[in-house]
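Notes to accompany the following structure.
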Amino acid sequence: MTELKIEDLLSTEDYEKERDFLLSESITKKKLRTITIGKNVNLFFENKETVLNKTQEFLRDGDITSEGEIKENLSIYQSLLADTQSLKATMVIDCSMEEDSNSAIKDKKGVEDRVWIQIGENDRVFSNSTPTVEGSLVNQHQIVFILEFNLSNLMIKDFHADMTLYAGVDHPKYNVRTKEILKITTASLAKELT
């Protein structure tokens, strides 16, 4: 598992100098590591670089400089990173385009436990919500969950063999499956499983 350390962070001054470049890089990497399922669900699979950038932005916005608070935030963001046997994703359910977004959000109750990924000919792996993180309503149109997909050794082998990846949601009010996920995305996710 990749560990976030305080030494990985840039100083406030250095981050300000590099911020525009780092944000641009982070956006590019985030697009590469995003899987869209239907019109309402996005899975963002973080890696060390995207999480460090999120952390730097949070510290910057909150003007957080004490070592204790920085370590606490690193610990929280650490929970977004994959380990050698699982992938983790931030799932955003966005109902802002729905006519009645409040009703649409209610219809999606329980979706977080019905999201799946499938690599190669393996069975679908359904997500688990990370125990310490509950779904949080970002605004009246979006809700966010942290998901974890526990993988078998064969599944990890198939990720590294560049097998076909699919994702979907198997929920009575939202039953959607993706087309084949881009190979470049699959390869990027496989790098986290080492």
Problem set entry | All positions within segment 37-70 that are within 28 Å of ALA190 (Cα to Cα) and more than 16 Å from the chain's Cα centre (by Cα) | GLY38, LYS39, GLN56, GLU57, PHE58
Exercise. Just wondering, is there one or more residues in segment 8-28 that are under 16 Å from VAL144 (Cβ atoms), touching a residue at least 24 places away in the same chain (Cβ under 8 Å), of a type outside the set (Lys, Arg) and surrounded by 12 or more Cβ atoms within 10 Å (Cβ to Cβ)?
Worked result: no
For this session: Out of the residues in segment 163-194 that are assigned to a helix (DSSP H, G or I) and not aliphatic (A, V, I, L, M), state the one that is most open to solvent (accessible area, probe 1.4 Å).
Result: LYS183
For this session: Please determine, by comparing only the residues of segment 129-143 that are open to solvent by 70 Å² or more (accessible area, probe 1.4 Å) and assigned to a strand (DSSP E or B), which one is modelled with the lowest pLDDT.
Result: LEU137
For this session: Among the residues of segment 78-92, count how many are surrounded by fewer than 18 Cβ atoms within 10 Å (Cβ to Cβ) and farther than 20 Å from ALA187 by Cβ.
Result: 3
Exercise. Any residue in segment 46-59 that is at pLDDT 85 or above, of a type in the set (Phe, Trp, Tyr) and assigned to a helix (DSSP H, G or I)?
Worked result: yes
For this session: Considering only segment 60-95, state which residues are in contact with a strand residue (DSSP E or B) (Cβ under 6 Å, 6 or more places away or on another chain) and either in a strand (DSSP E or B) or among the aromatic types (Phe, Trp, Tyr) (or both).
Result: SER86, LEU87, LYS88, ALA89, THR90, MET91, VAL92, ILE93, ASP94
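One line per residue, one yes/no per condition, for (1) among the basic types (Lys, Arg); (2) at pLDDT 95 or above:
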site	(1), (2)
LEU80	no, no
ASP94	no, no
PHE145	no, no
LEU165	no, yes
PRO172	no, no
LYS191	yes, no
For this session: Return the residue satisfying two criteria in turn: it lies in segment 99-112 and is buried (at least 16 other Cβ atoms within 10 Å of the Cβ) and modelled with pLDDT of 70 or more, and of such residues it is nearest to LEU81 (Cα to Cα).
Result: GLU112
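The values are calculated or read from the model by the stated rules, or taken from the named source; none is laboratory data. Everything numeric here is computed off the predicted structure, so don't read it as measured data. Because the Cβ atoms are built from the backbone with ideal geometry, glycine has one as well, and the counts that use them run over all protein chains shown. Note: areas computed on protein heavy atoms with side chains; ligands, DNA, RNA excluded. Shrake-Rupley method; radii C 1.70, N 1.55, O 1.52, S 1.80 Å.
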